[in-house]
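Visitor: The structure that follows is given in the form of structure tokens.
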Amino acid sequence: MTAASVVLVLVVIVALGFDFTNGFHDTANAMATSIATGALQPKTAVALSGILNLIGAFLSVEVALTVTNAVVKIQNHDGTPKEALTADGGQALLIIVLAGLAGGIIWNLATWLLGLPSSSSHALFGGLIGATIAGLGWSGVNWNGDGSKLDGVVGKVVLPALLSPVIACIIAAVGTWLIYAIVKGVAARYTDTGFRWGQIGSASLVSLAHGTNDAQKTMGVITLALIASGHWTDTENIPFWVKAACALAIASGTYLGGWRIIRTLGKGLVEIAPPQGMAAEGASAAVILVSSHLGFALSTTHVATGSILGTGIGKRGAAVRWRVAGRMVAAWVITLPSAAVVGAVMWYIGDILGGGLVGAIVVFLLLLAAAVFMYIRSRLKPVHAGNVNEEWEEGQPTTTDRTPASV
């Protein structure tokens, strides 16, 4: 096996690792409100979400193609791969992709440790952008496609990031207001039971939508690496084995739970009732599915958080914890540049060591060390299915229960 082949294998392993962290980081987007309202038991919720993420990953490839083509300029004007990026088995681009993935994973784990529902998508794009700028310069990033339309990073990543949470918030606020206007005068014990059943359906739809959007991002990254190494040439399709591997990785991560972030979204942002939960999940599913169809690699975290916030605005007298919301927005703002810095640093470390197999191995080992460190830190204040719904205390996104826990 050549050095380039070993680097490619490392890239695929790390990419699937990112997909796994994406799964447990984003389980909350679909299931936090259903768990918080009691519509679903915690372990049932994550199992259902994992299955639907697995199915959703096979429904579309539009977002995957966006990731393959919209971040790094891998093609000449005639559509052929750039020789500078595909020479020597594509090691130059493979190191960029590996460093970018490391940036995304480290930011995902750091925000998970803090219980912050930041964007896995923006962590991935930030890491790739930072590593690309470090390795190829600013011109190596596909900022605006061919210039004739809003495409590339600006049109497919930045604009959806700005618009999607606002749109989801508005839809959820209007939906919540309408729901409470319609059921006004009906006893809460009747409406809550009905809406809990409705939440199961709407949460399932969000999970399906999440699979169609987020699983595809890693598909796109692996396909990008395969193009660089000469193992794939079609920029309009994704190999089936890549689809299957990414679907299984994100489903496995989703089943693990991501309880720390589920707690923040379900208990820390809004005191949520079943009608609000159904409105939030319905709004999230609608925005995510439409964006997936259009190929927008948006953040499902931004959408879900915007929807939950919208339910607090739409219900008269609802308690919204604006301080928690402010921390979330701050995390959103710094996610892409922070992951970009980590991706760039990782690329420089790999480059200093020659940019080949040795550099790739060192980057991989540094990533592994960071992951182990953050996992050990998480065990000090574990959050799990048994305590995820405890009453929220300001400034305490996690509990002090030292029972053996999952993530």
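Visitor: Which of (1) modelled with pLDDT of 85 or more; (2) over 21 Å from ILE105 (Cα atoms); (3) among the aliphatic types (A, V, I, L, M) does ALA370 not meet, given it meets every other one?
Guide: Result: ALA370 fails condition (2) only.
Visitor: Additional query: From the set of residues in segment 307-351 that are closer than 28 Å to TRP177 by Cβ and among the charged types (D, E, K, R), which is surrounded by the fewest Cβ atoms within 10 Å (Cβ to Cβ)?
Guide: ARG316
Visitor: Same structure again: If VAL329 meets every condition in (1) touching a residue at least 12 places away in the same chain (Cβ under 8 Å); (2) assigned to a helix (DSSP H, G or I) apart from one, which number is that one?
Guide: (1)
Visitor: Would it be correct to say that LEU336 is within 20 Å of VAL157 (Cβ to Cβ), touching a residue at least 24 places away in the same chain (Cβ under 8 Å), under 19 Å from the mean Cα position of the chain (by Cα) and not in a helix (DSSP H, G or I)?
Guide: no
Visitor: Within the set of pairs 6 or more residues apart or between chains, which connect a residue that is modelled with pLDDT under 70 inside segment 58-70 to a residue that is among the hydrophobic types (A, V, I, L, M, F, W, C) and surrounded by fewer than 24 Cβ atoms within 10 Å (Cβ to Cβ) with Cβ atoms less than 7 Å apart?
Guide: ALA70/VAL153
Each row is one residue, and each column tells you yes or no for (1) assigned to a helix (DSSP H, G or I); (2) under 25 Å from HIS293 (Cβ atoms).
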| position | (1), (2) |
| --- | --- |
| ILE105 | yes, no |
| ASN108 | yes, no |
| LEU116 | no, no |
| GLY155 | yes, yes |
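Visitor: Count, please, the residues in segment 11-39 that happen to be under 16 Å from LEU265 (Cα atoms) and either of a type in the set (Ser, Thr, Tyr) or surrounded by fewer than 22 Cβ atoms within 10 Å (Cβ to Cβ) (or both).
Guide: Looking only at that region, the number is 5.
Visitor: Separate question: From the list GLY253, GLY230, which one is touching a Gly at 6+ places or on another chain (Cβ under 9 Å), at pLDDT 80 or above and on the phi > 0 side of the Ramachandran plot?
Guide: Result of the check over GLY253, GLY230: GLY230.
Visitor: Looking only at segment 208-230, decide whether some residue is touching a Leu at 6+ places or on another chain (Cβ under 6 Å) and outside any helix (DSSP H, G or I).
Guide: Looking through segment 208-230, at least one residue is touching a Leu at 6+ places or on another chain (Cβ under 6 Å) and outside any helix (DSSP H, G or I).
The values are calculated or read from the model by the stated rules, or taken from the named source; none is laboratory data. Being a predicted model, the structure only gives us computed values, none of them experimental. We place every Cβ from the backbone using ideal geometry, glycine too, and count neighbours over all the protein chains shown.
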